[in-house]
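First the structure, in the form of structure tokens, and then the observations on it.
The values are calculated or read from the model by the stated rules, or taken from the named source; none is laboratory data. Remember, predicted model here, so these are calculated numbers, not experimental data. Cβ placement follows ideal geometry from the backbone for every residue including glycine, while neighbour counts extend to all protein chains displayed.
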Amino acid sequence: MAQKDYYKILGVDKSASQEDIKKAYRKLAMKYHPDHSSGSKENEEKFKEISEAYAVLSDPEKRKQYDTYGDEDFRQRYSQEDIFRDVDLGDILREFGFGGGSFFSFGGGRGRSGQKGRFSFDPESVFGFGDAAGGRQQQGMQAKGRDVETELPLTLQEIATGVTKTVSVQTPSGKTETLTVKIPKGLIDGKKVRLAGRGQPSPYGGPAGDMYIRSKIVADRVFSNEGFDIYVNREIKLTEALLGTSVTVPTVDGGQISMKIPPGTQPKRKLRVAGRGLPHMRGSGRGDMYVEVNVKMPKKLSKKQKELVDSLAETGL
């Protein structure tokens with residue numbers, strides 16, 4: 001899949017303000033809108049492209065996700081329907097007298113306003129073309145079917161190492177089909193894997209939608225996570241906390257590491273082990289592991305232990 005640089009598409013810098021982004025879209029929309037330009041297929045595609053870029057960059061949360069994870073990972077997380085959800089292009093388009101109904105319609109049909117050739121937006125049909133009022137079948141010949149989303153429970157160990165899972169999906173005929181899906185490393189909560197063409201069929205003969213598999217992390221007795229960082233508890237004795245020690249700590253990918261506990265370690269202190277968390281889904285790098293030290297306090301002292309503690313107390317400890 002070709003990478004998309006939304007900033008380049010709109011001709012703005014990554015530091016552009018929301019007003020700069022809106023101005024850039026206005027300018028390009030006026031140039032490439034099919035009602036204003038030559039109506040060529042090339043201009044139609046360009047208009048779709050700039051509209052998608054604006055839908056992402058005009059939304060602070062989508063823009064943050066795009067800036068953080070890049071285009072490929074962003075489009076694993078967001079379907080086309082997600083990108084255009086809650087985006088109103090109509091306000092800008094109406095400034096040009098293009099209307100602002102609920103469908104994209106190029107060509108000879110009449111839009112909801114009754115004006116021939118009007119162009120407007122429908123996230124359900126995504127980018128179908130034709131008669132918006134009565135010819136939806138004609139307009140949707142190239143319309144993609146709906147995307148679907150399913151939740152898949154995964155353990156932190158599976159997310160750390162990657163795993164192959166079987167997923168049951170329903171075919172258009174109503175039958176249940178079992179798919180074998182390779183789950184990549186780093187599929188933490190909220191991230192998605194896309195199965196192209198496994199969504200709902202198009203009602204007008206276009207391509208089927210996609211299926212998005214979203215991770216749901218299963219609770220673990222040993223590990224927990226915040227994003228790609230892993231947290232694990234390690235209990236030590238009071239004397240070990242005072243004098244320092246070395247302990248063995250399990251890692252989320254099934255290994256073990258040896259780490260030093262420095263003298264005077266306080267209860268609940270978190271010690272960071274760089275690069276031993278969950279792997280990033282795209283590219284290199286991993287999160288960190290944090291070992292929380294719990295100091296085991298004795299509930300009862302032997303006679304000798306009490307004498308020793310009394311002696312320590314006399315020294316001011």
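So, in region 235-266, of the ones that are without any contact (Cβ under 8 Å) to a residue 12 or more places away in the chain and in a strand (DSSP E or B), which residue ends up nearest to residue 297 (Cα to Cα)? Filtering region 235-266 for residues that are without any contact (Cβ under 8 Å) to a residue 12 or more places away in the chain and in a strand (DSSP E or B), the one nearest to residue 297 (Cα to Cα) comes out as 248.
Within region 190-207, the residues that satisfy the criterion of being in a loop (DSSP other than H, G, I, E, B), surrounded by 13 or more Cβ atoms within 10 Å (Cβ to Cβ) and touching a helix residue (DSSP H, G or I) at 6+ places or on another chain (Cβ under 9 Å) are 191, 202, 203, 204, 206, 207. Would you call residue 221 modelled with pLDDT of 90 or more and part of a strand (DSSP E or B)? For residue 221, the condition - modelled with pLDDT of 90 or more and part of a strand (DSSP E or B) - is not met. Tell me whether region 166-178 contains one or more residues that are in a loop (DSSP other than H, G, I, E, B) and within 27 Å of residue 279 (Cα to Cα). So far as region 166-178 goes, no, none of its residues is in a loop (DSSP other than H, G, I, E, B) and within 27 Å of residue 279 (Cα to Cα). Does at least one position in region 224-234 carry a residue that is farther than 30 Å from residue 164 by Cα and in contact (Cβ under 8 Å) with a residue 40 or more places away in the chain? The answer is yes, given that some residue of region 224-234 is farther than 30 Å from residue 164 by Cα and in contact (Cβ under 8 Å) with a residue 40 or more places away in the chain.
Criterion first (touching a residue at least 40 places away in the same chain (Cβ under 8 Å), within 33 Å of the chain's Cα centre (by Cα) and within 30 Å of residue 178 (Cβ to Cβ)) does residue 206 satisfy it? The answer is yes for residue 206. Pairs linking a residue in region 63-75 that is without any contact (Cβ under 8 Å) to a residue 60 or more places away in the chain to a residue that is part of a helix (DSSP H, G or I) and of a type in the set (S, T, N, Q), with Cβ atoms under 8 Å and 6 or more positions apart or on different chains, are 74/65. Here residue 47 meets each of (1) surrounded by fewer than 21 Cβ atoms within 10 Å (Cβ to Cβ); (2) modelled with pLDDT of 80 or more; (3) over 24 Å from the mean Cα position of the chain (by Cα); (4) not β-branched (Val, Ile, Thr) with one exception, condition (1). Among the residues making up region 270-306, those that are surrounded by 11 or more Cβ atoms within 10 Å (Cβ to Cβ), over 30 Å from residue 68 (Cα atoms) and of a type in the set (D, E, K, R) are 296, 306. Return yes when residue 54 is touching a helix residue (DSSP H, G or I) at 6+ places or on another chain (Cβ under 9 Å), in contact (Cβ under 8 Å) with a residue 40 or more places away in the chain, among the hydroxyl-bearing types (Ser, Thr, Tyr) and more than 22 Å from residue 209 (Cβ to Cβ) and no when it is not. For residue 54, the condition - touching a helix residue (DSSP H, G or I) at 6+ places or on another chain (Cβ under 9 Å), in contact (Cβ under 8 Å) with a residue 40 or more places away in the chain, among the hydroxyl-bearing types (Ser, Thr, Tyr) and more than 22 Å from residue 209 (Cβ to Cβ) - is met.
Residues of region 4-36 being basic (Lys, Arg) and out of contact with any Phe, Trp or Tyr (no Cβ under 7 Å at 6 or more places or on another chain), which ones? Result: 4, 8, 22, 23, 26, 27, 31. The residues listed here are 32, 6; of these, the one that is crowded, with 19+ Cβ neighbours inside 10 Å, modelled with pLDDT of 75 or more, outside the structural domain of residue 213 (by TED's automatic domain parsing) and within 30 Å of residue 189 (Cα to Cα) is 6. Can you find a residue that is in contact with a Leu (Cβ under 8 Å, 6 or more places away or on another chain) and over 28 Å from residue 179 (Cα atoms) anywhere in region 251-262? Within region 251-262, one or more residues are in contact with a Leu (Cβ under 8 Å, 6 or more places away or on another chain) and over 28 Å from residue 179 (Cα atoms). The residues of region 281-299 that are out of contact with any His (no Cβ under 9 Å at 6 or more places or on another chain), at pLDDT 90 or above and of a type outside the set (Ser, Thr, Tyr), listed by number, are 288, 289, 291, 292, 293, 294, 295, 296.
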